[in-house]
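Novice: Here you go, one structure.
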Amino acid sequence: MVEERMGDCWSHTKDQFDNLEKHTQWGIEFVEKYNKFVKERSEIEVNYAKQIRNLSKKYQPKKNSREEEESKYTFCRAFFTTLNELNDYAGQHEVIAENLTSQIISELTRYLQELKAERKSHFHDGRKAQQYIESSWKQLESCKRRFERDCKEADRAQQYFEKMDADINVTKADVEKARQQAQMRHQMATDSKNEYSSYLQKFNQEQNDHYYTIIPNIFQKLQDMEEKRIERIGVCMKTFAEVDRQVLPIVGKCLDGMTTAAESIEPKTDSKQVVEAYKSGFEPPGDVEFEDYSQAMKRTVSENSLSNSKEGKEKSSSKSKPKLWPFIKKNKLSLKLITLNSHVRSLIEGSGPEDFSHLPPEQRRKKLQGKIDDLNKDIHKEMDQRDALTKMKDVYVKNPQMGDPASVDPRLAEIGQNIEKLQAEVQKFEGWLAEVEEKMPSKSDSNRRSGFYEAQSNTAVSNNCAQDRERSLSSPDGSYTEEQNSETQVKAIINPNTIPSTMPDFDEEFDDDDTLPTIGTCKALYPFEGHNEGTIAVAEGELLYVIEEDKGDGWTRVRRNEEEEGYVPTSYIEVNLEPNAKGAMTYI
């Protein structure tokens, strides 16, 4: 097409060269524009994948007891599965960005360099050929003018000779000189004619080669170059679509995983989990016995007398064994105690203040040390990412075609800020840890403190017992005494390490001569010194036998051996009762 057009209108060759140069330059600019378009699409995919990953990470379950509690429900597990699938979905968009970069952007960048060099070479050859034919044309014109000038000079010399030869007054020597001059001019004209004729034939041949061979070949190469450029653009556009198509099966699997997770939700199973988690395990109360208030003396003896015999105590205790939890004030307060035990337990498991100040010193020290270790791990991860990005930046600096080194700087700055924040957190927790270790007493100090503590405890207990007796005398039905004692026990259970204002009546419990049977086992979650009368000291992790479960006052009776038994805080142990034990349940 180009060859025919140039053959039909060869006088406009220069104009065609200009037009073709503009057109091919526009083609290169189009390739650059398309390459820029793919780059921006790749950046969008990277940013989108990053946002999706951040969203998935934001809602991922944290490593705490609350999240572990939630993971047992099917709808929570379905949501966690959806988050994982969403994370994989984000990874496919990262794959799209990587494939666009490797299969299109890098290839087009390299091809653009080759295309520019090829175009420059073809137009250089064309301009060189154009300059050569123009130079030949100028030389031909020069030969032609010289031949024309020599012919005119030869004609004038011939006319002068004929004039001299006809004049009789001119000497023979002048005539001979004019004749020689005319002959010389004729010879020069003949030589110019021959030179002009020879160069004319050469020029015609060169012109024929220029317009029918050299220029068409150059134009053909330009046409081939243009067709290859268009073909390459078409291939890139097809690859642009195929890159998306390649990840569709995996994206489909991610979506199928989300659908399967949603279909795995079982409402009845989750409801059953709630029942299992919150059922009390207590037997329904028995029938309420009739109390005859018509016998005043019996009422006075059974309820208000301070001089009951041991047999009376045994009789009253045997009558009160059936637990009427929902109906009497004392047991209503015991339910409050269970709620407070749960609150204390949640504080111990880590839902308290940031510095774990709600925990005993040793537990607090362990929690702070664990937090410092976790922060140091996070710092190492951030440093590893910083080293990887630094290496990537060095690669970009050495090979600019692979990426822009400046694009890594924002991420490096972000990682630097994260490291500084984590290091500040480490310093904060290390300060708290040092404070705890300074305040932790030695063994000798703890022994002296425990002796003073026990003496103070006995004094407090005896004083409170006297106050209770006075209140029982002023309260006919005894309800005031029961509520006051129970409220005092509520305050005591909030922190079992402190001295409770009123301890359970352990002495009366231990008056029984018969050894109570074992109803289960327990494991100590935290150390308990057991300074108070009726309690028993336990070490963390120690295994003991349960001989009497928590009656709602926050204390469980345990036995180490035949001679050592006592009460420990229920919130400090993990109890596993035997299946056939009455009211068997697990306290955690």
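The values are calculated or read from the model by the stated rules, or taken from the named source; none is laboratory data. As the structure is a computational prediction, the values presented were derived from the model and not from experiment. Positions of Cβ are backbone-derived with ideal geometry, glycine not excepted, and every protein chain shown enters the neighbour counts. Accessible surface is based on the protein model in full, side chains and every heavy atom, while ligands, DNA and RNA are left aside. Shrake-Rupley method; radii C 1.70, N 1.55, O 1.52, S 1.80 Å.
Novice: Taking all protein chains together and a probe of 1.4 Å, list 275, 408 from the most accessible to the least accessible.
Specialist: I get 275, 408, largest accessible area first.
Novice: Pairs 371/421; 272/366; 63/421; 39/377: which are spaced more than 26 Å apart, C-alpha to C-alpha?
Specialist: 272/366; 39/377, as the Cα separations exceed 26 Å there.
Novice: Could you work out how much longer the chain between residue 30 and residue 148 gets when fully extended? Use 0.36 nm per residue separation minus the Cα distance between them, nm to one decimal.
Specialist: So the extension gain works out to 37.1 nm.
Novice: State the percentage of accessible surface on segment 57-151 attributable to carbon and sulfur atoms; use a 1.4 Å probe and exclude ligands, DNA and RNA.
Specialist: Carbon and sulfur together cover 51 percent of it.
Novice: Then there is this: Put 89, 34 in order of accessible area, largest first, 1.4 Å probe: what do you get?
Specialist: 89, 34
Novice: Averaged per residue, what accessible surface does segment 135-182 expose to a 1.4 Å probe, in Å²? All intermediate terms of the calculation are to be shown ahead of the outcome.
Specialist: Values: 3610 Å² over 48 residues.
Accessible surface, normalised per residue, equals 75 Å².
Novice: While we're here: Considering only the other residues whose Cβ falls under 12 Å of the Cβ of residue 49, what net charge follows from Lys and Arg at +1 and Asp and Glu at -1?
Specialist: Cβ neighbours under 12 Å give a net charge of -3.
Novice: Still on this structure, please answer the following. Given a 1.4 Å probe and every protein chain left where it sits, what share in percent of the accessible area of segment 231-278 is carbon and sulfur? Provide the component values of the computation, followed by the final result.
Specialist: Working: 2010 of 3350 Å².
Here carbon and sulfur together make up 60 percent of the probe-accessible area.
Novice: How long is segment 14-143 along each principal axis, judged by its Cα atoms, biggest number first, in Å?
Specialist: Cα spread of segment 14-143 along its principal axes, largest to smallest: 106, 18, 17 Å.
Novice: Between beta-carbons, use under 12 Å as the cut-off and find the net charge around residue 143, counting Lys and Arg +1, Asp and Glu -1.
Specialist: On the way: positive: 138, 144, 145, 146, 149, 193, 202; negative: 141, 148, 150, 191, 195.
Local charge sum for residue 143: +2.
Novice: If you don't mind, there's one more thing I want to ask. I'd like the accessible area for residue 137, computed on protein heavy atoms only with a 1.4 Å probe and all protein chains in place. Round to 10 Å², please.
Specialist: 120 Å²
Novice: Students often get this wrong, so check it: of 36/398; 381/428; 33/228; 36/228; 58/523, which have C-alpha atoms separated by over 25 Å?
Specialist: The pairs that break the limit, which is 25 Å between Cα atoms, are 58/523.
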